[in-house]
Each structure stands twice: as C-alpha cells, then as structure tokens.
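This report refers to the structure that appears directly beneath it.
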Amino acid sequence: MRTFLCTTVLGLTAALQASMVCGQTLDPRTFAICTGRLSALMEHEWLLSDSRADQTERQRDAMQEIAEAVTPPQEAAAALNLRIEAKQAQAALLSLATFSGNATTAGIAARRSEELISECTALLLG
C-alpha cells in the first residue's frame, strides 16, 4: 500500500506540475468529483463481478486520500456534496451503458463514462 500511495503522490505531483506548465491549475474539487466517479465505477464492477473492481477500489482509495489532503476544512461539506453528486451521475451513466435497451444510448453512455473515468485516472500513476 505504501508503494502504491507513493506512486500515486508522484503521479499527482507530475500532474500538478504539468497543469501549471500548461497554464492550468487543478482545483481541489476535482479530486472530490473523481472520488465519487471512481466509487460509482467500483460499485458497478462489484455488481457485475468484474475482476477490475479491486484495482478501481485502490484508485478510489488513493483519490480519496488526495481529496482529503487538499481540501481545506471549511470546504469539506461542499466537497462531500460534490463527491455524492458525481457518484450519482456516474452511476446513472454506467446503468445506461449496461442496462439500456437502446444500443445508441448505451454506446453514448459508455463512451462518456469512460471519458470521465479516464480524466480521473490520468491524475494517478500506477
């Protein structure tokens, strides 16, 4: 776990540096939102007995630790709200992608879900 966390912190550091070089800054709310998205994915993978659930859980745990570390105490309640909203939105996309009877809707939902998760996992190394 320590190695994973160190790798995650190194990845976060690289992402923060890259965002600063590119003229962007990472908002602490991003990590709360990503924690929610990864939580929804993890639960969806559990539901489907997907073997990737363990990896997603590790990513979610790392993201949660980062979110807690970078969120000022006075913004903790707002961050939790963002996390819950992001989790609900991601869960809705995953449900549509998996259970929609319409192939077009399912495909759009699956692609959008993958895009959002990719944005989050890009913040982590490993």
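Please treat every number below as a calculation from the coordinates, not as lab data. Please read all numbers here as calculations on a predicted model, not as lab measurements. Here Cβ is always computed from backbone atoms with ideal geometry, including for glycine, and neighbour counts include all displayed protein chains.
Computed from point charges on the beta carbon alone (+1 for Lys and Arg, -1 for Asp and Glu), the dipole magnitude for region 19-126 about its Cα centre is near 220 Debye. Candidates A92, G107, F31 compared by Cα position along the dipole of region 25-126: farthest toward the positive end lies G107, with charges placed on Cβ.
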